[in-house]
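A short write-up of the structure that comes next.
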Amino acid sequence: MAERRLVRTKTSAAVVDYVLEQLFTGQLRSGDRIDHDQLGEALGVSRLPVREALVMLERDGIVTTQYHRGVFVEPFDAESILDDFEILGLLSGVAVRRLAEERDPETVATLQGLLDELRATRSADKGRIYELVSQIMVTEHRAGGSRRLRAQLRSQAGFLPHAFTFIQRSHAATVKAHTQVLEAVRAGDGDAAARHRLEDLRDAGRSVVRELRRRDVIGR
């Protein structure tokens, strides 16, 4: 691992990001052992944030600790990736269903503004597209999610910044997916809002799997 200095305020979260990046680029593989000291040296951090990060990753099913043997990467394969997107879609669906039931005018207006900006963004500007998609979903989750649901969504969505770069679909398809959710929310149709969100994230998961297979990061 090449040495890399972290700039994020929460160092343990940055270590988590680094490990996820290693997974999505194929530098870490299922079954690989993660050495605390090597990871700390690579990032220029102490053992404490490394330990905290590995606890977070184990909680999320990314790694597992084997007594007297160390920390190992859990299976990173098509099935687990699709499950991640499925779970996120179901949880997010709960939030948008509740949002549709309440139809708060201020939240709907905020979402419409973000959607309009997303629609106007150039398809080549992937970074801005991700920022807007994230803002749309965070707005929906804050407005429609309970404290417990929001915590689960934050935990489940940790992999999204890394997975997003592997989603191969048109900008128009992304805009359409979020438009369908917002239209269902505006119409007060919670079931349709939840269904559209789940379908969107299932499609995103399949796209990520196809691209990771193409790059030989995961098996076929």
Item checked: Residues located in the stretch 140-157, provided they are more than 18 Å from ASP84 (Cβ to Cβ), in a helix (DSSP H, G or I) and either of a type in the set (S, T, N, Q) or open to solvent by less than 60 Å² (accessible area, probe 1.4 Å) (or both) -> GLU140, ALA143, GLY144
Notebook entry, point to check: Looking at this structure, is ASP84 over 20 Å from the mean Cα position of the chain (by Cα), part of a helix (DSSP H, G or I) and among the charged types (D, E, K, R)?
Noted result: no
Item checked: ALA177 vs. criteria farther than 25 Å from LEU57 by Cα and touching an Asp or Glu at 6+ places or on another chain (Cβ under 7 Å) -> yes
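Residue by residue, here is whether (1) under 29 Å from ARG220 (Cβ atoms); (2) more than 18 Å from the chain's Cα centre (by Cα); (3) open to solvent by less than 70 Å² (accessible area, probe 1.4 Å); (4) modelled with pLDDT under 95 holds:
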residue: GLY61; (1), (2), (3), (4): yes, no, yes, yes
residue: ASP77; (1), (2), (3), (4): yes, no, yes, yes
residue: LEU88; (1), (2), (3), (4): yes, no, yes, no
residue: MET137; (1), (2), (3), (4): no, no, yes, no
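For every residue, the table says whether it meets (1) in a helix (DSSP H, G or I); (2) on the phi < 0 side of the Ramachandran plot; (3) touching a helix residue (DSSP H, G or I) at 6+ places or on another chain (Cβ under 7 Å).
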residue: GLN135; (1), (2), (3): yes, yes, yes
residue: VAL138; (1), (2), (3): yes, yes, no
residue: PHE159; (1), (2), (3): yes, yes, yes
residue: PHE166; (1), (2), (3): no, yes, yes
residue: ARG169; (1), (2), (3): no, yes, yes
residue: GLU183; (1), (2), (3): yes, yes, no
residue: VAL208; (1), (2), (3): yes, yes, yes
residue: GLU211; (1), (2), (3): yes, yes, no
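Determine which member of the set VAL208, VAL185 is closer than 18 Å to ILE87 by Cβ and hydrophobic (A, V, I, L, M, F, W, C). Can you show your working first?
Details: VAL185 fails: closer than 18 Å to ILE87 by Cβ.
Answer to the check: VAL208.
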Next item on the list: Go through the stretch 81-117 residue by residue and tally those that are in contact (Cβ under 8 Å) with a residue 60 or more places away in the chain and either more than 18 Å from LEU149 (Cα to Cα) or of a type outside the set (S, T, N, Q) (or both).
Entry: 23
Item checked: Selection within the stretch 108-135 - exposed (fewer than 13 other Cβ atoms within 10 Å of the Cβ) and either among the hydroxyl-bearing types (Ser, Thr, Tyr) or farther than 22 Å from HIS171 by Cβ (or both) -> ALA109, SER123
Note to self: Suppose we filter ALA177, ALA151, ALA124, ALA109 for residues that are closer than 30 Å to GLY31 by Cα, aliphatic (A, V, I, L, M) and out of contact with any His (no Cβ under 6 Å at 6 or more places or on another chain); which single one remains?
What the structure shows: ALA151
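The values are calculated or read from the model by the stated rules, or taken from the named source; none is laboratory data. Model, not experiment: these values are computed from the prediction. We place every Cβ from the backbone using ideal geometry, glycine too, and count neighbours over all the protein chains shown. Protein only, heavy atoms only, side chains kept; ligands, DNA and RNA dropped before computing areas. Shrake-Rupley method; radii C 1.70, N 1.55, O 1.52, S 1.80 Å.
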